[in-house]
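Comments concern the structure below.
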Amino acid sequence: MGPTGAGKTAQSLAMAKAGLPICIINMDSRQLYKDFPIISAQPSAAERFVCPHKLFGYLKTEETSSAGDWLERAKNEIECAHKNGQIPVFVGGTGFYFRALFDGIVEIPDIPQDIHEHFIKEIAEKGSQALHEELQKIDSEYAQKIHFNDKQRIARALEVFTATGKKFSDWHKKTPQNTKYDVLRIGIGLPLDELAPILYKRTSIMLDQGALDEARKALEICPDITAPGWTGIGCIEIANYLLGKYSLEECQALWNKNTRAYAKRQWTWFRPDTRIRWFRPEEQSLPAILDFLNV
């Protein structure tokens, strides 16, 4: 786990190259969408050839996915890996997925349908950024962890607060401990001032690799840029460029800015967890993994 662009994929593949029978399972909410493999930095065909990869690119752009849906799929992949004699290795930067799987997921009471529909309408009329600002006033702790374009999570947090009177971040703190899995938590990261130039370079590489064509094809398939798949960083910025809202230079500058902000939010989420063993990308986490596995 760790911030975007820090080298998580390379560290995980090092395990397979060392001879461990691993199965990599995606733990990044943006990499669930099949129309954006370049922009969401999904593993390449060459990387997938090294070992099995699961839960990448199975959603259409217009499809919504909840943490609960991903959780059930993830549990199934763990069982499948064990049956096949493989070590399940979760790789990604969506902190809530890690928490849901390894610490349990809190049971929030059902939200009345009228409240749910109210915030769907609100976000459609006012836009996600306006609702994100409203969430900042109510629950700044959770608002800092999500992007202002993430309309699904923004609406969810607002409807939960309205229905229960409790902040979404407070509900998360009530999450029960889940001791079903024996898990080693490895974090890969760099301080933001070191990571940012790497992220900016990666944006340029993605553009060279065909990010614009990828988004152009996605627009043909799903022209509604408010659809869930378009909320990913890079996706919405390129969509607005293709629709004539930004110049390419403005698009890339905003993409870089939002990517850095996302990495900062990921640090905010991960760093308080003292169970994570942190490594820089040039350091080898493999010895710690082998020790954990008693290999």
Could you list, in sequence order, the residues of segment 1-41 that are acidic (Asp, Glu) and either more than 15 Å from the chain's Cα centre (by Cα) or over 17 Å from THR231 (Cα atoms) (or both)? ASP35
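Conditions tested, residue by residue: (1) open to solvent by less than 30 Å² (accessible area, probe 1.4 Å); (2) among the acidic types (Asp, Glu); (3) more than 22 Å from the chain's Cα centre (by Cα); (4) more than 22 Å from PHE98 (Cα to Cα).
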| position | (1), (2), (3), (4) |
| --- | --- |
| GLY232 | yes, no, no, no |
| CYS235 | yes, no, no, yes |
| ASN240 | yes, no, no, yes |
| LYS245 | no, no, yes, yes |
| LEU254 | no, no, no, yes |
| GLN266 | yes, no, no, no |
| ARG275 | no, no, no, no |
The residue that is most open to solvent (accessible area, probe 1.4 Å), considering only those in segment 1-58 that are of a type in the set (S, T, N, Q) and not in a loop (DSSP other than H, G, I, E, B), is THR9
Cβ pairs under 9 Å, 6+ apart or interchain, first in segment 208-221 and of a type in the set (Lys, Arg), second open to solvent by less than 90 Å² (accessible area, probe 1.4 Å) and at pLDDT 95 or above, ordered by first then second residue, are ARG216/ILE238; ARG216/LEU242; LYS217/ASP35
Please report, ordered by residue number, the helices (runs of 4 or more DSSP H) entirely within segment 80-144 with at least 1 residues that are touching a strand residue (DSSP E or B) at 6+ places or on another chain (Cβ under 9 Å) and either within 27 Å of ALA261 (Cα to Cα) or not hydroxyl-bearing (Ser, Thr, Tyr) (or both). 95-103
Only residues that are in contact (Cβ under 8 Å) with a residue 60 or more places away in the chain, open to solvent by less than 20 Å² (accessible area, probe 1.4 Å) and within 16 Å of ASN256 (Cα to Cα): list them for segment 190-207, please. LEU195, ALA196, LEU199, MET206
Check segment 102-119 and report whether any residue there is within 21 Å of THR9 (Cα to Cα), open to solvent by less than 30 Å² (accessible area, probe 1.4 Å) and not basic (Lys, Arg). yes
Within segment 83-94, is even one residue aromatic (Phe, Trp, Tyr), more than 22 Å from ARG156 (Cβ to Cβ), modelled with pLDDT of 95 or more and under 16 Å from the mean Cα position of the chain (by Cα)? yes
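The values are calculated or read from the model by the stated rules, or taken from the named source; none is laboratory data. Predicted model only: the values in this text are computed from it and were never measured. Methodologically, a virtual Cβ is constructed for each residue, glycine included, from the backbone with ideal geometry; neighbour enumeration extends over all protein chains shown. Ligands, DNA and RNA are stripped out before the accessible areas are found, and what is left, the full protein with its side chains, is counted by its heavy atoms. Shrake-Rupley method; radii C 1.70, N 1.55, O 1.52, S 1.80 Å.
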